[in-house]
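No lab work stands behind these numbers, since they all come straight from the coordinates. Since we're looking at a predicted model, the values are computed, not measured.
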Ligand SMILES: O=P(O)(O)OC[C@H]1O[C@H](OP(=O)(O)OP(=O)(O)O)[C@H](O)[C@@H]1O
Ligand SMILES: Nc1nc2[nH]cnc2c(=O)[nH]1
């Protein structure tokens, strides 16, 4: 299980963003090319981890989008993208996103009180993005049925756990200048 994901992570190149060792992988970057077999392996696995019914899928721009598209087509459930662009629609919510290597704004549209949402994303690292997103969704009155992220690095998952938020991941990795190593994989 997750054989293609495992192999592709072990072959991922590393680049430096300041002091941050940034791995490059089809699921988190769309580079090298994302083969349909890998997308199929990962999205099937995500669906096997879902614990409750949901009526919207939420994906964070950019690399949550291929995951949400594939899950939407498999389930028939629509997806909303949390965008880095402001639209100025009524009810739009602005979030500040801070990762290990970037800062910026995200905008939520078309999520309302009572929505039952599945969050999917490619990577969790510091957890900053999900902390901001979860608190905004709570403010709206939406219920997060599951938050599932493919690749985990750093302490984001434990940081969210301390706040009472459970995030499921498929694989936990460590990244050094030499490359990616796999610490734990959800078989
Ligand atoms: O746990 P954190 O430290 O908050 O990092 C996780 C975020 O970093 C990546 O997004 P990025 O802003 O790089 O966007 P991308 O999908 O456009 O590459 C990833 O898609 C997560 O949204
Ligand atoms: N592609 C990629 N996305 C990330 N998001 C948070 N950390 C990383 C990383 O090292 N690589």
To the nearest 10 degrees, the tilt of helix 128-140 (Cα long axis) against the first principal axis of the alpha carbons of the chain is 20
Mean ellipticity per residue at 222 nm, deg cm²/dmol - from DSSP H runs of n ≥ 4 across the chain, formula -39500 (n - 2.57):
-9000 deg cm²/dmol
The chain: angle of helix 65-75 to the longest principal axis, Cα-based, in degrees nearest 10:
70
Which percentage, to the nearest 5, of the DSSP beta bridges contained in the range 69-187 is antiparallel?
50
Quick shape summary for the range 3-185, equivalent ellipsoid via Cα gyration tensor, semi-axes whole Å in descending order, reads 25, 19, 15
So how far, in whole Å, is the C-alpha centre of the range 104-135 from the one of the range 50-74?
12
So for the range 52-187, averaging the separation of alpha carbon pairs under 8 Å that are six or more residues apart and normalising by length, what relative contact order in percent results?
20
Whole Å is fine, so just give me how far the alpha carbon centre of the range 147-168 lies from that of the range 169-187.
14
Under a 10 Å cutoff between Cα atoms, tell me which one of 81, 57, 14 has the largest fluctuation in the Gaussian network model of the chain.
14
